Amino acid sequence: GLRGALGKLFALAENYPDLKASESFSHLQARISTLENNIADRRELYNEHATVNNVRIEQFPDMIVAKLFRFKHQALLQ
């Protein structure tokens, strides 16, 4: 939802050259892009760790500890 709203905001800014040229708006766009990249990086890191967890709780001898402590499969983020 947030990505769609931001897309609409940036599309709307295309119609207003003064806004698009504004230093504050350019700074906002750069910060949002950086934030989106950071979120994507963290999502990728989480998915890597969740995948390792999901594989290890199925392998012997890790499965013994996983069952003992009731470790569960982790869903991956989209």
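Residue under question is residue 71, and the condition is that it be surrounded by 13 or more Cβ atoms within 10 Å (Cβ to Cβ) and in a loop (DSSP other than H, G, I, E, B); does it hold? Break it down into steps so the answer makes sense when it comes.
Numbers: surrounded by 13 or more Cβ atoms within 10 Å (Cβ to Cβ): yes; in a loop (DSSP other than H, G, I, E, B): yes.
When the stated conditions are applied, residue 71 passes them.
Against the definition (outside any helix (DSSP H, G or I) and either at pLDDT 80 or above or surrounded by 10 or more Cβ atoms within 10 Å (Cβ to Cβ) (or both)), how does residue 29 come out, yes or no? Steps first, please.
On the way: outside any helix (DSSP H, G or I): no; either at pLDDT 80 or above or surrounded by 10 or more Cβ atoms within 10 Å (Cβ to Cβ) (or both): yes.
Against the criterion (outside any helix (DSSP H, G or I) and either at pLDDT 80 or above or surrounded by 10 or more Cβ atoms within 10 Å (Cβ to Cβ) (or both)), residue 29 does not qualify.
What residue, of 35, 77, is within 30 Å of residue 4 (Cα to Cα), touching a Phe, Trp or Tyr at 6+ places or on another chain (Cβ under 8 Å) and not acidic (Asp, Glu)? Talk me through it step by step, then tell me what you get.
Values: 35 fails: touching a Phe, Trp or Tyr at 6+ places or on another chain (Cβ under 8 Å).
Within the list 35, 77, the selection yields 77.
Being within 27 Å of residue 10 (Cβ to Cβ) and open to solvent by less than 90 Å² (accessible area, probe 1.4 Å) narrows it down to one residue among 40, 50; which is it? Quick ask: steps written out before the conclusion?
Details: 50 fails: within 27 Å of residue 10 (Cβ to Cβ).
None of the other options fit; the residue is 40.
One residue is enough: does segment 35-45 have a residue meeting the conditions over 20 Å from the mean Cα position of the chain (by Cα) and assigned to a helix (DSSP H, G or I)?
Taking segment 35-45 first, the residues over 20 Å from the mean Cα position of the chain (by Cα) are none.
No, segment 35-45 has no match at all.
The values are calculated or read from the model by the stated rules, or taken from the named source; none is laboratory data. Values in this document were obtained by computation on a predicted structure and should not be read as measured data. FYI the Cβ positions are ideal-geometry reconstructions off the backbone, even for glycines, and counts take in every protein chain you see. Ligands, DNA and RNA are excluded from the accessible area calculation, which covers all protein heavy atoms including side chains. Shrake-Rupley method; radii C 1.70, N 1.55, O 1.52, S 1.80 Å.
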